[in-house]
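Enquirer: Before we start, here is the structure in question, set down as structure tokens.
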Amino acid sequence: MRYADRLGLVLALPLIAGFALPFAGLRPNRIAAPVAEWLPHIFGWPAAAGVALVAVAALARSPLRLPLAALAVAGWLALLGLGASRLAEDAPAYARVSPGAGFWLGLVALVLLLADALARRKPAPVARLALLAATVAVLALVLRLWPDVSVLQEYAARRASFWAEAQRHVALALGSFAAAVVAGVPLGIAIQRTPRLHLPVMNVLTAIQTVPSIALFGLLILPLGWVAANVPGARAAGIGGIGMAPALVALFLYALLPIVTNTVAGLRAVPPSVSEAARGMGLAPRQRLLRVDMPLALPVILTGARIVLVQNIGLATIGALIGAGGFGTFVFQGLGQTAPDLILLGALPTVALAFAAQVIFDALIDLLPGRRP
Amino acid sequence: MIGLHNLSKHYDDLRAVDDVSLSIETGSVVAIVGTSGSGKSTLLRLVNRLIEPTAGHVTLNGQDTRDMPAFELRRRIGYVIQDHGLFPHWTVARNIATVPRLLGWPKDKIRARVEELLRLLSLDPATIGPRFPHQLSGGQMQRVGVARALAARPELLLMDEPFGALDPVLRGKAQADLRAIQQTLGSTILLVTHDMAEAIRLSDRVAVMRAGRVEQFGTPAEILSRPATAFVRDLVGEGERAFRFLSLIPATDLAEEGAASGQPLPRTATASEALDALIWQNAEALPLEGGGRISRAALLRAGHP
């Protein structure tokens with residue numbers, strides 16, 4: 001057992017599957033059924049054996065696991081791009097090469113390995129941010145090798161609208177997030193100070209949380225439609241029963257509960273002796289809130305904010321249903337056209353965005369001063 | 001001079017503090033002793049208006065404390081609590097600087113004051129100042145709490161069980177240090193404790209509280225020798241009365257002419273320490289540093305009122 005640990009053994013299975021299952025699929029056109037292609041078939045046996053060697057070396061427990069896993073992940077992604085170009089050479093113009101089950105399983109195994117190796121090193125917050133930036137840079141390089149991979153072909157066909165939808169997606173998620181923080185934190189403070197408000201406000205927020213998102217959109221069409229029709233200037237400002245406005249409002253409403261709950265929890269967790277000392281030292285109520293209570297509650301509040309941001313980045317996909325745009329546009333178009341590559345074009349950036357938001361937020365929380373290591 | 005005038009705090013039927021009047025001379029230490037629930041902490045918190053009294057008032061050097069905003073009053077009164085209450089997100093130096101910053105002192109003056117206080121409490125400014133509270137030992141946290149309370153040269157220092165969280169060895173040291181600092185700075189201190197020995201050791205006057213009222217207010221010697229009520233007598237306890245009494249007397253007060261053999265006693269020793277040394281060395285008399293001696297007979301004579 002010296003050279004293997006439980007994680008390496010467990011991940012060996014999906015990695016073997018990565019070689020045993022089709023690595024890519026070649027389809028005559030973008031919605032046809034794929035013809036399976038295996039890794040050795042695409043690159044030849046010696047090359048495939050070389051790849052397998054690196055992957056297996058990364059599985060073994062050694063100080064080299066981190067660099068090997070990073071190399072393996074980048075290499076695995078690059079292989080798909082190179083393989084797609086090879087397959088596309090001999091294929092007709094409308095043919096598509098998309099990732100197969102083997103690619104995905106192998107990728108999952110290698111990414112988990114990399115994540116575990118990283119987590120074991122317990123990198124400092126700034127190092128984590130640097131790693132995130134490095135990851136983005138490496139991804140950008142690797143994706144240059146992907147011009148013949150189906151997802152990137154869908155991207156190439158929609159380059160302009162992709163970035164426009166990306167902007168709308170970020171605007172939806174960040175806008176509703178910012179509004180929820182601006183409204184939720186003061187609401188949390190107010191509730192904490194006035195226990196009478198606590199139960200009613202929490203009940204309302206919890207009730208909102210239980211309404212399914214599509215139903216909430218439906219519920220918002222009427223009031224926002226009325227506002228658009230009757231309030232002068234509202235329509236010009238983009239407010240209406242469908243579009244950005246109801247999506248923003250819905251995301252905002254969903255985001256309130258975690259923000260308010262965590263604000264209250266954070267303020268409650270301020271040690272009584274610290275509050276007592278702050279009063280006894282002669283800090284005025286406002287100073288106590290801003291200099292002592294809020295800074296001490298901040299980590300908990302930020303944890304809530306992180307949940308909200310990640311949740312909103314995912315939920316914003318739904319906004320496409322009512323014409324708010326965002327990456328959901330591609331997901332729903334892809335569903336309508338039974339074009340899985342188009343679904344991926346919407347889903348993958350959403351996942352990446354949520355992941356990046358989480359890493360950034362966690363690092364920010366750890367960067368706050370005076371926290372126990 | 002701090003005056004507590006007919007202070008009362010009632011919660012419905014409970015008289016937590018009931019018509020208490022005390023005066024604290026400038027530069028003296030007054031200890032409030034009582035069992036838990038006696039109202040001693042409430043009384044302390046009435047002074048800096050963390051609790052507003054039902055009746056009565058407090059004067060701070062002649063000024064009625066009701067005439068100023070509570071937070072302004074508190075900046076003139078130091079406050080030390082049992083759990084330190086250090087701000088965990090601030091460094092030690094920033095913690096100590098709390099009140100001077102609130103008062104808007106210039107930066108250099110604050111920095112100098114923080115350094116001065118850290119030195120006074122035998123903490124190294126260079127190493128301890130930049131640390132965060134969770135990086136300190138219990139004894140260091142306690143001292144930082146005291147330094148923070150002293151920072152803006154308060155007119156009065158309130159201490160609520162300031163040594164309650166320390167182990168017995170550290171507590172003894174902290175008590176001695178506080179007494180030394182108080183004598184150096186001439187601070188006026190109102191201290192709450194449940195430990196009669198601590199009160200006797202530290203204070204110039206002791207107020208014994210029970211059920212919201214002061215049962216006796218007197219010097220430690222008076223409390224020991226003439227307890228006013230059965231409750232005070234119980235609190236003082238039957239054991240070690242003589243030793244406590246001797247601990248109030250400086251050994252130099254009992255010095256007589258002449259010489260003696262044995263290890264000399266330091267001039268700062270109390271009579272009880274002198275007796276302890278005498279018994280331990282099985283001597284009739286011991287020399288005092290710098291001349292004179294202390295005899296067993298003199299100590300035994302002094303050991304009762």
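Enquirer: Which one of B:250, B:262, B:235 is farthest out on the positive end of the charge dipole of region B:222-284, using unit charges on Cβ (Lys, Arg +1; Asp, Glu -1) and the Cα centre as origin?
Expert: Looking along the dipole axis, the top candidate is B:235.
Enquirer: Over the Cα atoms of region A:6-122, Rg to Rh with Kirkwood Rh, two decimal places? Kindly include the intermediate steps, with their values, before the conclusion.
Expert: Numbers: Rg = 15.0 Å, Rh = 14.6 Å.
On the Cα set of region A:6-122, Rg over Rh gives 1.03.
Enquirer: Cα centroids of region A:47-94 and region A:296-316: how far apart, whole angstrom?
Expert: Measuring centre to centre over Cα atoms gives 35 Å.
Enquirer: Moving on to the next point. Test of understanding: in a Gaussian network model of chain B with alpha carbons linked when under 10 Å, which of B:233, B:267, B:101 would top the mean-square fluctuation ranking?
Expert: B:267
Enquirer: At 20 angstrom or more along the helix axis (alpha-carbon based) and mean Kyte-Doolittle of 1.0 or higher, what helices does chain A contain? Whole DSSP H runs only. Working shown, then result.
Expert: Details: long enough: A:6-20 (22 Å, 1.93); A:45-59 (21 Å, 1.99); A:65-89 (35 Å, 1.21); A:101-121 (30 Å, 1.55); A:125-143 (27 Å, 2.29); A:159-193 (51 Å, 0.81); A:195-210 (23 Å, 0.54); A:213-230 (25 Å, 1.82); A:244-268 (36 Å, 1.57); A:294-315 (30 Å, 1.56); A:340-367 (40 Å, 1.66).
Once both thresholds are applied, what remains is A:6-20, A:45-59, A:65-89, A:101-121, A:125-143, A:213-230, A:244-268, A:294-315, A:340-367.
Enquirer: Calculate the mean, over all residues of peptide B:91-104, of how many other protein chain Cβ atoms lie within 10 angstrom of the residue's Cβ.
Expert: Average per residue, whole number: 2.
Enquirer: Could you give the size of the charge dipole of region A:159-367 about its Cα centre, using +1 on the Cβ of each K and R and -1 on the Cβ of each D and E, expressed in debye and rounded to the nearest 20?
Expert: Values: 11 positive and 6 negative charges, 124 e Å.
Computed about the Cα centre, the dipole is about 600 debye.
Enquirer: Test of understanding: in a Gaussian network model of chain A with alpha carbons linked when under 10 Å, which of A:150, A:275, A:85 would top the mean-square fluctuation ranking?
Expert: In this elastic network of chain A, the residue with the biggest mean-square fluctuation among A:150, A:275, A:85 is A:275.
Enquirer: List A:172, B:202, B:123 from most exposed to least, where exposure is judged by having the fewest other Cβ atoms within 10 Å. Intermediate results must be reported in sequence, preceding the final value.
Expert: Numbers: A:172 28, B:202 24, B:123 20.
Listed from fewest to most nearby Cβ atoms, that is B:123, B:202, A:172.
Enquirer: Of A:103, A:60, A:34, whose Cα points farthest to the positive end of the dipole of region A:6-122 (charges on the beta-carbon: +1 Lys, Arg; -1 Asp, Glu; origin at the Cα centre)?
Expert: Positive-most Cα among the choices belongs to A:60.
Enquirer: When a/c reaches 1.5 or more, the comparison of a/b and b/c decides; with that in mind, is chain B rounded, prolate or oblate per its Cα gyration tensor?
Expert: Details: a/c = 2.23, a/b = 1.31, b/c = 1.70.
Taking the square roots of the gyration eigenvalues as a ≥ b ≥ c, chain B is oblate.
Enquirer: I need the helices of chain B that pass two filters: whole DSSP H segments spanning 15 Å or more by Cα along the axis, and mean Kyte-Doolittle score no lower than -1.0. The partial results should precede the final answer.
Expert: Details: long enough: B:107-120 (20 Å, -0.71); B:138-150 (18 Å, 0.04); B:168-185 (25 Å, -0.23).
Long hydrophobic helices here: B:107-120, B:138-150, B:168-185.
Enquirer: Further question: How big is the charge dipole of chain A about its Cα centre, in debye rounded to the nearest 20, if each Lys and Arg gets +1 on its Cβ and each Asp and Glu gets -1 on its Cβ?
Expert: On the way: 27 positive and 13 negative charges, 237 e Å.
Dipole size: approximately 1140 debye.
Enquirer: Connecting C-alpha atoms closer than 10 Å in a GNM of chain B, tell me which of B:280, B:105, B:90 has the biggest fluctuation.
Expert: Top of the fluctuation ranking is B:280.
Enquirer: Another question, if that's okay. Of chain A, which part is the longest with no chymotrypsin sites (Phe, Trp or Tyr not before Pro) in a loop (DSSP not H, G, I, E, B) and with at most 13 other C-beta atoms within 10 angstrom? It would help to have the intermediate numbers written out before the result.
Expert: Details: sites that count: A:3, A:94.
With chymotrypsin sites (Phe, Trp or Tyr not before Pro) excluded where exposed in loops, chain A gives A:95-373 as its longest stretch.
Enquirer: Follow-up question, since we're still on this one. Projecting each Cα onto the charge dipole of region A:159-367 (Lys/Arg +1, Asp/Glu -1 at the beta carbon, about the Cα centre), which of A:257, A:269, A:302 comes out farthest on the positive side?
Expert: A:269
Enquirer: In addition: Taking K and R as +1 and D and E as -1, what net charge do the other residues with C-beta under 15 Å from the C-beta of residue B:287 add up to? Can you show the working numbers first?
Expert: Working: positive: B:267, B:293, B:296; negative: B:256, B:257, B:273, B:284, B:289.
Around residue B:287, the surrounding residues sum to -2.
Enquirer: Hey, got the dipole for chain B? About the Cα centre, +1 on K and R Cβ, -1 on D and E Cβ, debye to the nearest 20?
Expert: Working: 35 positive and 34 negative charges, 186 e Å.
Taking the Cα centre of chain B as origin, the dipole is about 900 debye.
A short reminder: the numbers here are calculations on the coordinates, not readings from a lab. For clarity, every value in this text was computed on a predicted model and none was experimentally measured. Don't worry about glycine lacking a Cβ; one is built from the backbone with ideal geometry, like all the others, and counts go over all protein chains shown.
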